[in-house]
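Remarks on the structure that follows.
Please treat every number below as a calculation from the coordinates, not as lab data. Since we're looking at a predicted model, the values are computed, not measured.
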């Protein structure tokens, strides 16, 4: 997955030649949820693209923050408030490093990818949109990268343009480039598709947009758990991710925004902490990032997210990518060996996400029967109904892998599908 | 795996593979669409009602084994029944798939009892009830598609 994603050197400093490896069994022991049984079978958790399990260091960090260092931030003069503020702002520095941003003020804490996109749509784009302006997305977007733009189009008279994909699930780059024109005010694309696993060539896409002065946003919800990010090298204007898919808490995420843009932007919400001074006549807004963090933030969520970022960074993205590439290859082979299985999404560059159909069996029956064998997969439209329409299916089953999954678990999945075929025979 | 066989038993699989009364009813007096937004299942239910009796009923749609079999079994169960009997059958069926086994009434539901195992699968109950909600919507002549949400 390295060629088309934003890869920098592994934090552990290993070169490709050293082929870093993961001690997967040791890693698995750090995730308490993975050691349980479901319907009498050891859990095989393959729903990581929906949400990932949490390692003990993250759980411990969250517990410690509540037990020992908890108060509100940016407010009190007392010691606990200072400790909480230090931990919260230190989490921001961790997020900056994880994203590869140049300045810590460029890392905004949000509820997740969805809020990040809404913030950009309303705070950055809406004030500058005129009727007839255009926003470009693609067919493979999650609803979270469709609906916020539709809303801003309704509010301003702007139009949404959708770049097509081919039947493997690759973005049609030629068609995308043709859509970028004089009226394009934003190019917002998914980095890695949640439903198809497609890894988009983000560097080429940014080059296309920058040549024309078009701002870019990437939905990095699926990319953040799988590849090292470097937004400064990528040169995008906005990049957003969710903590819960990154082995961190729910309700917390990060939006990266280029500082110049953040400075010029209007606030997203009004309230405490986002102001410098307030009178009933006028209010002077705080500077980024605080301008965008109205009210008491998800303090402990941010601290837990930083612990998750540290955890993943310490494992090393080279090792993670190598392991997940092996899992993807292996699981793909096992599933393709079953004649009744059809894979949806076979892009050249793919993350370890396998959407599939079992001939004659509805995705929800697939999901139920796999669950009874202890295997957790997603069944449905994956909040990406336009993709389902494109492939002419109502729903797919989806197995999405993380670094803690194993080849044996891919075997369990394949055997589980054979069991479904037995029942439906 | 025993409980799985209880859910995906032969009568369910049979009605999934060969749904009964699976057609558009040309002379329908009532019709409604049903939709389960969670899984994308869609169903059309057609009724021919005369003198308070469901003379004919049919359905079309695409869905999982549970929703398709449930719709098929429903058409067999309600055909020829008076509307009051249909309503009371729906209520009994609904109790069977939503309430704990002990609370279920001792009413004989015939083939519909093949769906009793669904009560163990809270997220799939809506699959089993979609066709029944759509039937009700058709009887009430609702303009909006029936939805499980």
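Whole-percent P(r), region A:98-167, all Cα pairs, 10 Å bins from 0: 19, 43, 30, 9, 0.
Compared with the rule-of-thumb size 2.2 N^0.38 Å for a compact globular protein, region A:146-209 has a Cα radius of gyration ratio of 1.17.
Taking the three principal axes of the alpha carbon atoms in region A:199-306, the coordinate ranges are 49, 36, 16 Å, sorted in descending order. So how tilted is helix B:65-78 from the main axis of chain B? Cα-based, degrees 0 to 90, rounded to 10. With both axes taken from Cα atoms, the answer is about 50 degrees.
Calculated translational diffusion coefficient of the protein assembly as shown (37 °C, 0.692 mPa s; Stokes-Einstein with Kirkwood radius over alpha-carbon pairs) equals 127 µm²/s.
Per residue, the Cα convex hull of region A:326-390 amounts to 109 Å³.
Relative to the longest principal axis of the Cα atoms of chain A, the long axis of helix A:147-156 lies at roughly 40 degrees. What would the Debye formula give as log10 I(q)/I(0) at q = 0.11, 0.17 Å⁻¹ for the alpha-carbon point model of region A:58-313, no solvent? Debye intensities relative to I(0), on a log10 scale: -0.59, -1.28. For region B:10-124, the fraction of alpha-carbon pairs lying more than 26 Å apart is 17 percent, rounded to a whole number. Here region A:82-125 is described by how far its Cα atoms reach on the three principal axes: 34, 21, 14 Å, from widest to narrowest.
Hey, could you grab the Kirkwood Rh for region A:43-177? Inverse mean 1/r over distinct alpha carbon pairs, Å, one decimal. This gives a value of 18.6 Å. Taking every DSSP beta bridge that has both ends in region A:58-313, the antiparallel portion is near 50%. Two decimals is fine: what is log10 I(q)/I(0) at q = 0.15, 0.18, 0.22 Å⁻¹ for region A:346-425, from a Debye sum with one equal scatterer on every Cα and no solvent? Those come out to -0.54, -0.77, -1.10, one per q. Among A:47, A:167, A:178, the residue with the largest mean-square fluctuation in a Gaussian network model of chain A, with springs joining Cα atoms closer than 10 Å, is A:178. Just checking the listed ones, A:271, A:295, A:40: in the Gaussian network model of chain A with Cα springs under 10 Å, the one fluctuating most is A:40.
Nearest-5 percent of antiparallel DSSP beta bridges in region B:1-131? Mind showing how you got there, number by number?
Numbers: 17 of 18 bridges.
In region B:1-131, approximately 95 percent of DSSP beta bridges are antiparallel ones.
Region A:123-141 and region A:235-303 have their alpha-carbon centroids 21 Å apart. In degrees between 0 and 90, to the nearest 10, how far off the longest principal axis of chain A does helix A:407-424 point, with axes built from Cα atoms? Rounded to the nearest ten degrees, it is 60.
In percent, how large is the relative contact order of chain A, given Cα pairs closer than 8 Å and 6 or more residues apart? Present the calculation step by step, with values, prior to reporting the outcome.
Details: 878 pairs, mean separation 105.0, N = 425.
After rounding, I find 25 percent.
As a test, work out the antiparallel percent of DSSP beta bridges whose residues both lie in the protein assembly as shown, rounded to the nearest 5. Just about 70 percent of them are antiparallel. Of the residues B:27, B:55, B:136, the one that moves most in a GNM of chain B with alpha-carbon contacts below 10 Å is B:27.
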